[in-house]
Amino acid sequence: MSNAIKAVIGHPFRDPNFEELETTIPLVALSATMIHAALLCWRTGHHRHIKFNADDHYNAYTRHVLVLNTTRERKPKSFHRLMAELLTDAVSRSKKDTTTTTDGDAIAAVDFDAMED
């Protein structure tokens, strides 16, 4: 793994105000930026391959970092819950054999009742 990737991913973070570990802001911001870039491939309604270039997506990345830092400042408990749950979910899923997941399992994991119509 490159040093640049290690710097972004880092290690799980422990906020002294909470027990659970959290994933890092740079990792979540990078993930959101990659999703943003993937969605841009569909901007016209048809898929168009776009080579990912970090410089082209720097502004999106810094906006994600800004939103996450602002959320941490304004709503620390909600921010912590989000970041801790993201880490817990990622770690628990990485330990499972993903080849045995069924379509029913995937659907069962979605909380449709919590979604607005």
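Bear in mind that the values in this text are calculations on the coordinates, not laboratory data. Quantities reported herein were computed from a predicted structural model and do not represent experimental measurements. Glycine gets a Cβ as well: all are built from the backbone with ideal geometry, and neighbour counts include every protein chain shown.
Taking 0.36 nm per residue of separation and subtracting the Cα-Cα distance, what length does fully extending residue 86 through residue 114 add? Here the answer is 8.3 nm. Scaled to the globular estimate 2.2 N^0.38 Å, the Cα spread of region 3-94, given as radius of gyration, is 1.21. Which parts of region 22-65 would a label at residue 15 reach, counting a residue when its backbone N lies under 15 Å from a point 7 Å out along Cα-to-Cβ? The answer is 22-26, 28.
What is the extension gain from residue 63 to residue 105, computed as 0.36 nm multiplied by their sequence separation minus the C-alpha to C-alpha distance, in nm to one decimal?
On the way: separation 42, 0.36 × 42 = 15.12 nm, distance 3.39 nm.
Separation in residues times 0.36 nm, less the Cα-Cα distance, equals 11.7 nm.
Rank-order 58-66, 22-30, 73-81, 109-117 by packing density, defined as the average count of other C-beta atoms within 10 Å over each peptide's residues, highest first. Could the numbers behind the result be given before it?
Values: 58-66: 14.8, 22-30: 19.8, 73-81: 12.8, 109-117: 6.1.
Listed from highest to lowest mean packing, they are 22-30, 58-66, 73-81, 109-117.
Applying Stokes-Einstein at 25 °C and 0.890 mPa s to the Kirkwood radius of region 56-95, computed over alpha-carbon pairs, gives a translational diffusion coefficient of 216 µm² s⁻¹.
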